[in-house]
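Notes to accompany the following structure.
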Amino acid sequence: MYPISQIIGSLFLILGTAFSMLGILGMLRLPDVYTRLHATGKVSSLGAVFLLAAAIFLTPLSVGKGLVLIGLLLLATPAVSHAIASAAYRIGIPIKAGQRDDLRTRLPKIKPHE
Amino acid sequence: MSPRNSAIQMTFLLAVVYLLMTGNFEPVNLAFSVIIGIGISSLVRPQHLSIQWRRLPIALAAIAGYLIFLLADLWKSSIQVGRILLDPRLPIKPGIIHIDSGCESELAIALSAHAISITPGELIVEMDHRGQMYAHCLDSSQAEELIAEAQEVRRNLLSKIFE
């Protein structure tokens, strides 16, 4: 019989690995940088959150430090995704299979070529 | 308070946070915490932080609540994006939609953009100081619904923080 903390930790480990793999699948399947950011910025970061939670249970990482790291990760992830998407748009990386683009009228100097 | 005093205050606060996080009070680590504090405060614009000690518990509770809200949203959006990824047909119709947040203050706009970036299927690409935001979404055919949803998220969030 394993201690309960090991069972919870292993559960988090499995979830974290699953979401990280899903994020990589997104990297491979999605067509362009913006849609890939949805996969890496959300799915993979949730995987990282779960792996950190598993580390709290399974390794000597203290609870407080682990929670602070999760909090910083949650705050940083959307900002990083936004920064990459904004930079990609500004250098004119096209939106593949795009249905609409409200931003093109706003930034006429930058012409994303489809 | 002069910019220099603000920088010193910020360095001190950063050093304290670093020491608390590492939990190591040896002289080498003390020196290193000061170096890190100086490094970070030289990178950002010096800003006077007015700490109202009486409001500190409320502010900390609001931050904790916001983090829990972010975690719940991250879970929801990951499930949604994951379902799209596992679908063999890959049902995406990407596009950029315009959202008018109508916010006035810089903090409110930044928080709105931050929260919307993590709501299911949306990602802020561009925003300006007048509160106009442009979000990339995975399914732009339902753009109007997404805008309504984003506005709902934003309003809930802002009412929680600035009640």
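The values are calculated or read from the model by the stated rules, or taken from the named source; none is laboratory data. Keep in mind that what you see is a predicted model, and the values were worked out from it rather than measured. A quick note on method: Cβ atoms are made from the backbone with ideal geometry, for glycine too, and the neighbour counts reach across all protein chains shown. Quick note on the areas: whole protein, heavy atoms, side chains included, nothing else; ligands and nucleic acids left out. Shrake-Rupley method; radii C 1.70, N 1.55, O 1.52, S 1.80 Å.
For the range B:69-143, please list each of the strands (runs of 3 or more DSSP E) lying entirely inside it that holds at least 3 residues being more than 7 Å from chain A (Cβ to nearest Cβ) and open to solvent by less than 10 Å² (accessible area, probe 1.4 Å).
Strands (runs of 3 or more DSSP E) meeting the threshold: B:132-137.
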inquiry  = Which of the numbered conditions does A:Val33 fail, given that it passes all the others? Conditions: (1) more than 7 Å from every other protein chain (Cβ to nearest Cβ); (2) under 18 Å from B:Gln80 (Cβ atoms).
reply    = (2)
inquiry  = Given the criteria within 16 Å of B:Leu123 (Cα to Cα), facing chain B (nearest Cβ under 10 Å), free of Cβ contacts under 8 Å to residues at least 12 places away in the same chain and in a helix (DSSP H, G or I), does A:His38 qualify?
reply    = no
inquiry  = I'd like the residue in the range A:63-96 that is outside any helix (DSSP H, G or I) and touching a residue at least 24 places away in the same chain (Cβ under 8 Å) and, out of all such residues, is most open to solvent (accessible area, probe 1.4 Å).
reply    = A:Lys96
task = Name every residue in the range B:41-57 that is among the small types (Gly, Ala, Ser) and at pLDDT 70 or above, in order of residue number.
result = B:Ser41, B:Ser42
